[in-house]
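Below is one structure, written out as structure tokens, with a few remarks after it.
The values are calculated or read from the model by the stated rules, or taken from the named source; none is laboratory data. Treat the numbers as computed from the prediction; the structure is a model and nothing was measured. Note: ideal-geometry Cβ built from the backbone for every residue, glycine included; neighbour counts use all protein chains shown.
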Amino acid sequence: SLRCGLLAAIPHALTLQPPRYFRTMRTRKPKQPAEKVDWIEKYRDGRILGPICSGMIVFGLEEFKGAYIIQNLDQLEALLDRKDRGEIGLEEFGQALAPYMFDDLSDSIRICVFFENYMKAILMSERMIVHQFTSERLKPLGKRQNKRPIVNRYFVKCRIEPREVSDQTIGMGTMLNKQYQEIIKLPEDVLAIVREINSSRNELHFRPNIAGEYGRSTVADLRKLNEFAESWVQEAVEASKARRE
């Protein structure tokens with residue numbers, strides 16, 4: 001299966017330094033030009049593509065697990081419990097929430113990095129093109145790509161050259177749409193949460209008021225996301241053990 005194939009390559013990916021693929025694959029144009037990568041070659045060679053996709057997931061998991069709110073979910077829930085029991089006042093509660101509030105934007109970015117990388121890895125593993133096109137003649141194909149996935153056979157069909165493939169990739173919002181999700185297949189509950197976080201990130205805040213009525217739902221939602229990410233962590237550990245035996 002696709003999942004098994006990605007997991008099989010994860011142990012190798014764990015031994016690698018973050019490759020330049022992660023520095024060149026981006027949704028925004030870089031300020032400084034990077035060395036050009038022949039992405040058509042990467043898409044064509046499964047021996048190269050597999051480790052790239054697995055490495056993207058590993059990199060994303062590291063970012064996700066590095067989010068302050070993910071690392072301190074239990075403490076946040078305990079804090080909400082103490083507040084509900086009247087053990088702490090609003091001032092003390094607000095002070096205890098300060099670290100979460102300070103890190104809310106960076107945390108939402110870290111969470112989105114995982115899901116963005118995960119979705120790109122799934123699409124690339126399914127031979128879909130996530131990279132955008134640079135030439136004028138491919139603009140119609142680019143517009144189509146913004147609405148639905150493009151299979152990599154279009155590299156041949158449209159006689160696309162490496163110089164016409166950008167290091168920039170489709171955005172997270174594009175991958176969250178219905179047509180792309182028919183391939184990616186994020187669970188519906190996870191998909192809804194990721195859409196909300198992505199929207200909040202674009203508005204430069206994580207939640208309207210994590211200290212208020214959204215506190216409990218925030219914890220519950222992030223636990224769902226953590227369970228999804230943790231399933232990949234655990235299976236990667238098992239795959240790594242199996243590889244060593």
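Would you point out the residue of the stretch 146-179, among those that are without any contact (Cβ under 8 Å) to a residue 24 or more places away in the chain and of a type in the set (V, I, T), that is nearest to R44 (Cα to Cα)? Across the stretch 146-179, the extreme among qualifying residues is V156.
For K143, the stated conditions hold: it is farther than 20 Å from R44 by Cα and not β-branched (V, I, T). Among the residues of the stretch 67-98, the one identified as loosely packed, with under 15 Cβ neighbours inside 10 Å and in contact (Cβ under 8 Å) with a residue 12 or more places away in the chain is G94. Select from the stretch 142-176 the residues that are in a helix (DSSP H, G or I) and either of a type in the set (D, E, K, R) or buried (at least 18 other Cβ atoms within 10 Å of the Cβ) (or both) and list them in ascending order. Selection gives K143, R144, Q145, F155, K157, R163, E164, M172, T174, M175.
Residues that are crowded, with 20+ Cβ neighbours inside 10 Å and among the aliphatic types (A, V, I, L, M) within the stretch 104-137 comprise I111, V113, M119, A121, I122, L123, M124, M128, I129, V130, listed in sequence order.
For the condition within 18 Å of M175 (Cβ to Cβ) and touching a Pro at 6+ places or on another chain (Cβ under 9 Å), F114 does not qualify. Of the residues that make up the stretch 35-58, is at least one surrounded by fewer than 20 Cβ atoms within 10 Å (Cβ to Cβ), farther than 30 Å from R216 by Cα, modelled with pLDDT under 60 and not aromatic (F, W, Y)? No - not one qualifying residue is present in the stretch 35-58.
Consider M101 carefully, then state whether it is surrounded by 17 or more Cβ atoms within 10 Å (Cβ to Cβ) and not polar (S, T, N, Q).
So M101 fails the test.
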